[in-house]
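Peer 1: One structure coming up, written as structure tokens, with questions to follow.
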Amino acid sequence: MTDQGISPQIARITSAGDGRFVAVTPSGHAQVVSSNGKELGAASPMELLLLAVGTCTAIDVESILAKKREKVTDYKIEVHGDRRDQYPKSYSKIYVKHILRGHNLSEEAVKRAIELSDEKYCSVAATLRPTAEIISSYVIEAETPVEAPVPA
């Protein structure tokens, strides 16, 4: 137990050789990680960081919109980051673009869900925010109605 009474989260990382590692999450899920995602066929730690912030906010936003009874039919997030030139070459800015499609989605509900995730719920963003500016944006695409076939 930690001082706060919360059990520690323990991840285990084992070298697999040639710049590859097998990482096992505290919940037991394995992930291959490489020192260079482009050459070794696995995500790099910095790529995983982008995935972490994107999925963290996606989970929040999807949940909040469902509670607001918004009918989301498709939801994607694009995340990219600007890295500093100097080592350790951390992210200075991370851009999170939410792309939603649905039936009469309320722009206000989408905007508020993203704000709540950014400001209150996404623990990954909260962890990164002291050293990286996180810039969120969104696009709401209109749901295309399906036309019924005309009887002959």
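Every number here is computed from the coordinates shown, using simple stated rules; none is lab data. Values in this document were obtained by computation on a predicted structure and should not be read as measured data. Heads up, the Cβs are rebuilt from the backbone with ideal geometry, glycines too, and the neighbour counts pull from every protein chain shown.
Peer 1: Given H placed on each backbone N at 1.01 Å, which residues far from Ala16 in sequence or on other chains put an amide H within less than 5 Å of it?
Peer 2: When sequence neighbours closer than 5 places are left aside, the close amide H contacts are Phe21, Val22.
Peer 1: Then there's this: Whose amide H sits under 5 Å from the amide H of Ser136, counting only residues 5 or more places off or on another chain, with H placed in the peptide plane?
Peer 2: For Ser136, the qualifying residues are Val96.
Peer 1: Explain nothing, just the number: relative contact order of the chain, from Cα pairs under 8 Å at least 6 residues apart, as a whole percent. Provide the component values of the computation, followed by the final result.
Peer 2: Details: 225 pairs, mean separation 26.7, N = 152.
It rounds to 18 percent for the chain.
Peer 1: If each DSSP helix of 4+ residues adds -39,500 (n - 2.57) and the sum is divided by the residues in the chain, what number results at 222 nm, nearest 500 deg cm²/dmol? Display every interim value, and only then the final one.
Peer 2: Values: 3 runs with 39 residues, N = 152.
Estimated from H runs of four or more residues: -8000 deg cm²/dmol.
Peer 1: Using the structure shown, select from Lys68/Lys93; Lys76/Lys120; Lys67/Lys97 the pairs with a Cα to Cα distance greater than 23 angstrom.
Peer 2: On the way: Lys68/Lys93 30 Å; Lys76/Lys120 21 Å; Lys67/Lys97 21 Å.
Distance filter (> 23 Å) returns Lys68/Lys93.
Peer 1: Next question, about the same structure. For Ser92, list long-range residues whose amide hydrogen, built 1.01 Å from N in the peptide plane, is under 5 Å from its own amide hydrogen.
Peer 2: Asp82, Arg83, Arg84
Peer 1: Another one. About its Cα centre, what dipole magnitude does the chain give when the only charges are +1 on Lys and Arg Cβ and -1 on Asp and Glu Cβ, stated in debye to the nearest 20? Could the numbers behind the result be given before it?
Peer 2: Working: 18 positive and 20 negative charges, 59 e Å.
Using only the charged Cβ atoms, the result is roughly 280 debye.
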